[in-house]
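Worksheet for the structure shown next.
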Amino acid sequence: MSRTRQAASVAAAVLAALAFCGLPARAQDVTVGFVTHAQGNPFIQQIVDGAQAAADDLGVKLAVAQKSGGDPEAQLRAVQNFVSSGVQGVATSVPGESMAKGLNDLVASGVPIAQYNLLAASVKAAYVGEKSVESGRILGRMIVEKMGGASAKGTVVIGNCFPGFPVLENRAKGVEESLKKAPGLKVLGPFDVKVSAVENYNHWEQLYAANPDAAAMIGLCAPDVASLGKLNAANGDKFIAGGYDLTEENLAAIKGGHAYVTLGQSAFVQGYLPVALLVDAIKTKKPTPVGFFNSGTQIVTADSVDMGNNLPKITFAQAQAMAADPKATAAYYKPWTKTLAGAGLMAGMQPIAAESE
């Protein structure tokens, strides 16, 4: 069978499965809104690509609003504007607790809401994202092992592009917990390293200038690995660099040997699942459930790729190719989308508190 016919066959099977579980296979009159922070960030675009894949599979229209930075008031207005324009449900990252009342008012009025990537625990809606503290533990452990384990010594600098965001603060908590397993490490930060690519690099450059003996530098956000890789390359690759997300730029830093590890948080799942939950809520005329859906953690070094979610094994080169190809990513995730059939859509739901365990 040709690759085109095979892909079409798989897509048809997924649509049939979703229709079987109660989600409409075709719903051309349904429009779902999707609101993001950090406009232009490659990782955020991967989430949007996942949302578009869900919309394509489920036959709904997707309307996207992207906001620079992480202004919660601006994002809440974007959500409210979507509702005023007639969309039937909205998925949004929630970069501030100040969004909670407005979102809960919409839920109370009958508009389905879903959160992803950044949450406010008080919002009465589903949240799709990583287990943030555990993710930090994994990253910290990877760095400690690379530095020599419990006997590791030296200075470790931590950077956070959005200080105060609960998910990122939780990552920092997990990283620091793992770093404590090596008593000889001196941990500095987390320091504010900003989210825009230019500012992010400049802040890391300043931190390295202030700490030229740093043995490791760890970022908690999507731009960090690319910035740290560039910085390390410019300074003779003297420190171990680690951080988050499987963007083209981050994977290039890993491949070049300028960064050691990057953790993914399943951007495709964070885009796809909120849309699937919204479509189900629209069909059943019920709000999305108040619960946490773990998007999974991916662990990538130059020598090892673990994509999580029981997905097929791939090489580093394949991971790089998918980072630049939304269609290939959607095809790769088909085994996961099939798990949404029947009761599978809600099967993984946990209490919101599980996100930060």
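Laboratory data are not the source of any read-out in this text; all were calculated from the coordinates shown. Quick caveat: nothing in here was measured; it's all calculated off a predicted structure. For neighbour counting, all protein chains shown are included, and Cβ atoms are generated from backbone atoms with ideal geometry for every residue, glycine included.
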>> To the nearest 20 Debye, how big is the dipole of the chain about its Cα centre, given +1 on the beta carbon of each Lys and Arg and -1 on that of each Asp and Glu?
In response: 680 debye
> Mind checking the dipole of region 132-264: about its Cα centre, +1 per Lys or Arg Cβ, -1 per Asp or Glu Cβ, Debye to the nearest 20?
Replying inline: 440 debye
> If you build a Gaussian network model of the chain, linking Cα atoms that sit under 10 Å apart, which residue out of Ser227, Ser266, Ser151 swings the most?
Replying inline: Ser151
> So what does the Cα-only Debye profile of region 225-357 read at q = 0.15 Å⁻¹, as log10 I(q)/I(0), no solvent term?
Replying inline: -0.78
> What do you get when you divide the Cα radius of gyration of region 88-127 by 2.2 N^0.38 Å, with N the number of residues?
Replying inline: 0.98
> Can you pull the Rg over Rh of region 239-296, Cα-only, Kirkwood?
Replying inline: 1.24
>> How far apart, in nanometres, would the label points at Glu73 and Lys173 be if each is projected 7 angstrom from Cα along the Cα-to-Cβ direction?
In response: 2.8 nm
> Rule-of-thumb check for region 132-264: C-alpha Rg over 2.2 N^0.38 Å?
Replying inline: 0.91
> For region 255-291, list residues with backbone N below 20 Å from a point placed 7 Å from the Cα of Ala331 toward its Cβ?
Replying inline: 267-269, 272
> Any number yet on Rg/Rh for the chain, C-alpha, Kirkwood?
Replying inline: 0.98
>> Can you sort His258, His203, His37 from fewest to most other Cβ atoms within 10 Å of each residue's own Cβ?
In response: His203, His258, His37
> Each residue of region 332-347 in turn: what ³J(HN,Hα) in whole Hz from Karplus with 6.51, -1.76, 1.60 and θ = phi - 60°, glycine and Pro shown as x?
Replying inline: 5, 7, 4, x, 6, 4, 5, 5, 7, 5, x, 7, x, 4, 9, 4
> Near Gly140, within a Cβ-to-Cβ distance under 9 Å, what is the net charge of the other residues, with Lys and Arg +1 and Asp and Glu -1?
Replying inline: +2
> How large is the convex hull of the Cα atoms of region 57-189 per residue, expressed in Å³ as a whole number?
Replying inline: 122 Å³
>> Compute a Gaussian network model of the chain, connecting alpha carbons closer than 10 Å, and tell me which residue from Val261, Val269, Val64 fluctuates the most.
In response: Val64
> With a 10 Å Cβ neighbour count serving as the proxy for reagent exposure, in which order, fewest first, do Met346, Met217, Met322 appear?
Replying inline: Met346, Met322, Met217
